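**Q** I am attaching a structure below and will ask some questions about it afterwards.
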Amino acid sequence: MSDVTLNVDAGVCQFKTVVIASMDENMEITYKIKSACPAVREMAKEITEPIPVFDAIAMPFVENAVYAKCGKLAHAACPVPCAMIKAAEAAG
């Protein structure tokens, strides 16, 4: 299993987030997310099942499993979903 940790500084909102992505032997990504942002914390509660790595890095964006699960975030420019995808890519 490989783990990748990303520290996300979202900028103007000043909310810090830590994304930890772990890939298992089945090539599935499990996320652990710690955030000062209430919206990201709520979103993280919904991501309890592992995501196949190729679904986590899939294109186009509208078919990406991470963006689909993060769709309830209130701010379209939130960098956390992108960081989750980058962490999956690096863990893979």
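The values are calculated or read from the model by the stated rules, or taken from the named source; none is laboratory data. This is a predicted model, so every value here is computed, not measured. When we count neighbours, we look across all protein chains shown, and the Cβ atoms used for this are built from the backbone with ideal geometry, even at glycine. Side chains included, ligands, DNA and RNA excluded: accessible areas come from the protein's heavy atoms. Shrake-Rupley method; radii C 1.70, N 1.55, O 1.52, S 1.80 Å.
**Q** In whole percent, how big is the carbon plus sulfur part of the accessible area of the stretch 36-90, probe 1.4 Å, protein atoms only?
**A** Carbon and sulfur atoms account for 61 percent of the accessible area of the stretch 36-90.
**Q** Something else about it: Which value in nm describes the separation of the simple spin-label points at residue 24 and residue 82, placed 7 Å from the Cα toward the beta carbon?
**A** So the two model labels end up 3.0 nm from each other.
**Q** Still on this model: Considering Cα pairs under 8 angstrom that are at least six residues apart, work out the relative contact order of the chain and quote it in whole percent. Display every interim value, and only then the final one.
**A** Details: 161 pairs, mean separation 28.8, N = 92.
Across the chain, relative contact order equals 31 percent.
**Q** For the stretch 31-92, count the residues as N, evaluate 2.2 N^0.38 Å, and divide the Cα radius of gyration by that value, please.
**A** On the way: Rg = 10.9 Å, N = 62, 2.2 N^0.38 = 10.6 Å.
So the stretch 31-92 has a normalised radius of gyration of 1.03.
**Q** I would also like to ask the following. Quick check on the chain: helices-only [θ] at 222 nm, where DSSP H runs of length 4 and up contribute -39,500 (n - 2.57) each and the sum goes over total residues. Nearest 500, please.
**A** Using -39500 (n - 2.57) per qualifying helix, the result is -8500 deg cm²/dmol.
**Q** Please tell me the relative contact order of the stretch 19-67 in percent, rounded to the nearest whole number, where contacts are Cα pairs under 8 Å and at least six residues apart.
**A** 29 percent
**Q** Roll a 1.4 Å probe over the protein chains and send me the accessible area per residue for the chain in Å².
**A** It amounts to 62 Å² per residue over the chain.
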